[in-house]
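**Q** The following block contains the structure, expressed as structure tokens.
The values are calculated or read from the model by the stated rules, or taken from the named source; none is laboratory data. For clarity, every value in this text was computed on a predicted model and none was experimentally measured. With ideal geometry, Cβ positions are generated from the backbone for all residues, glycine too; neighbour counts draw on all protein chains shown. Accessible surface areas use protein heavy atoms only, side chains included; no ligands, DNA or RNA. Shrake-Rupley method; radii C 1.70, N 1.55, O 1.52, S 1.80 Å.
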Amino acid sequence: MSRATVRVEVPGDSLFGPENMPYGIFAPPGGEFRVGVRLGEFVLDLAVLLDDPAFAQPDLNSFLAQGPTSWRVVRERLRELADSPLPAEAVHAFDSIRTALPVRIGDYVDFYASLDHATNLGRLFRPDAEPLLPNWRHLPVGYHGRAGTVVVSGTPVVRPCGQRRTDSGAPEFGPSRRLDIEAELGFVVGTASRQGEPVSVDDFGDHVFGVALVNDWSARDIQAWEYQPLGPFLGKSFATSLSAWITPLAALARARVPLPPQEPEPLPYLLGTDDHGFDIDLAVTWNGETVSRPPYARMYWSPAQMLAHLTANGASIRPGDLYASGTISGPERDQRGSFIELSWGGIEPVTVGDAPHTFLTDGDEVTITATAPGTAGRPIGLGAVGGTILAAHEPGPQEFRSAG
Ligand code: MN
């Protein structure tokens, strides 16, 4: 008895053709979470198609740990399968599935790699000083973020409460009034490194599996009061959104671009023989209106330099670790990747739906999408990252009273 087969048809203008095939974790209707790849308007079930228990897992970590040879072999096999009749139970309509966080994230680091963003934020946060601090052109500035609050695209984000400074100079506690986004690109680590052994710039491709869009939600009022001298803390740790779909580096082979000039020349441990950036164009949509188009190609520090720096002291990486680029901003106003820049600290509102907007209002929805040159001579899409703001869980006075 022959099983029912289907052939997946992908329109020529699809951003998710066989040259893309990002990986994610999905559940078909009534089914368990497992590994899939997106192909056109469908998701292929790798637990059904490939004979490897790693694909029946509810995260990509086991597959990522297999390393670059396995990533390449699986990708080649999937390219063949995409052209073949497939068992019907391995093919699901994209709009019928649920997604989950694609990786179990052990460690999360966020960088600050855009010269335009760092300059803008320096002007806004320290108006009377040089916008760039003296270290900025010598190392990719970063901080360790909170891995446990990274959420998959589509997860609502509750407005955080925290301390902020008032006009009198004294702090008060309450819901953030300057809730913002940061449009970023995330890098997903595949293979581990050993503690004590730095990863060189040239070894980037042996360790990093792929990229995904990130929204690093940021409460600017909490951040501005708390960040000195140890850096971001509660103003950013309440939620970070990650796309459900990880685009393998192999799909971005034609999107590599030279880095902008780095002056002064970085120290030797930050130099490689084939270092590069990526020509990825983002779009930030606020309540359905595109308000910004940040260009990743202008980022000052490369993803390989970020990885080399974060391991330069011997810190190790593990499968599923995530590091993000920092806000991606270009030189033009409509290329700014955060609303604090777009509205210049809240004094130059952006028109969204005929109304002036500065920071996020409850109910607002933000979605970030991106495209890049693909290997088939047409653009490919990155998986979107989106989220909606819910009202703060503001504690009532009784919640502060101690029992008895
Ligand atoms: Mn950030």
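**Q** Contour minus end-to-end for residue 132 and residue 202, with contour as 0.36 nm per residue of separation and end-to-end as the Cα-Cα distance?
**A** Working: separation 70, 0.36 × 70 = 25.20 nm, distance 2.78 nm.
Extra length available between residue 132 and residue 202 comes to 22.4 nm.
**Q** Determine the gain in length on full extension of the stretch residue 94-residue 354; use 0.36 nm per residue of separation and subtract their C-alpha separation, reporting nm with one decimal.
**A** Numbers: separation 260, 0.36 × 260 = 93.60 nm, distance 3.30 nm.
Gain on extension, residue 94 to residue 354, equals 90.3 nm.
**Q** Right, something else. So for the pair residue 41, residue 390, with labels modelled 7 Å out along Cα→Cβ, what separation do we get in nm?
**A** 3.1
**Q** So with the 1.4 Å probe, I'd like the accessible area per residue for the chain, rounded to whole Å².
**A** 44
**Q** Let me have the 222 nm mean residue ellipticity of the chain computed from DSSP H runs of 4+ only, each contributing -39500 (n - 2.57), with the sum over all residues rounded to the nearest 500. Spell out each step's value before the answer.
**A** Values: 9 runs with 62 residues, N = 404.
The per-residue figure over the chain is -4000 deg cm²/dmol.
**Q** Still on this structure, I have one more. Quick one: go through region 120-137 and flag any residue whose amide nitrogen is under 15 Å from the point 7 Å out along the Cα-to-Cβ line of residue 165.
**A** The answer is 122-129, whose backbone nitrogens lie closer than 15 Å to the label point.
**Q** Taking the Cα centre of region 5-100 as origin, sum charge times position over the Cβ atoms of Lys and Arg (+1) and Asp and Glu (-1), and report the length of that vector in debye to the nearest 20.
**A** Values: 8 positive and 14 negative charges, 40 e Å.
So the magnitude is around 200 debye.
**Q** Compute the acute angle (0 to 90°) between the alpha-carbon long axis of helix 115-125 and the principal axis of greatest extent of the alpha-carbon atoms of the chain; round to the nearest 10°.
**A** Result, in degrees: 30.
**Q** Just the number, please: carbon plus sulfur as a percent of the accessible area of region 5-100, 1.4 Å probe, no ligands or DNA/RNA counted.
**A** On the way: 2180 of 4270 Å².
On region 5-100, the fraction of accessible area on carbon and sulfur atoms equals 51 percent.
**Q** Using the basic label-point model (7 angstrom from Cα toward the beta carbon), what is the residue 228 to residue 259 distance in nanometres?
**A** Between residue 228 and residue 259, the simple spin-label model gives 3.0 nm.
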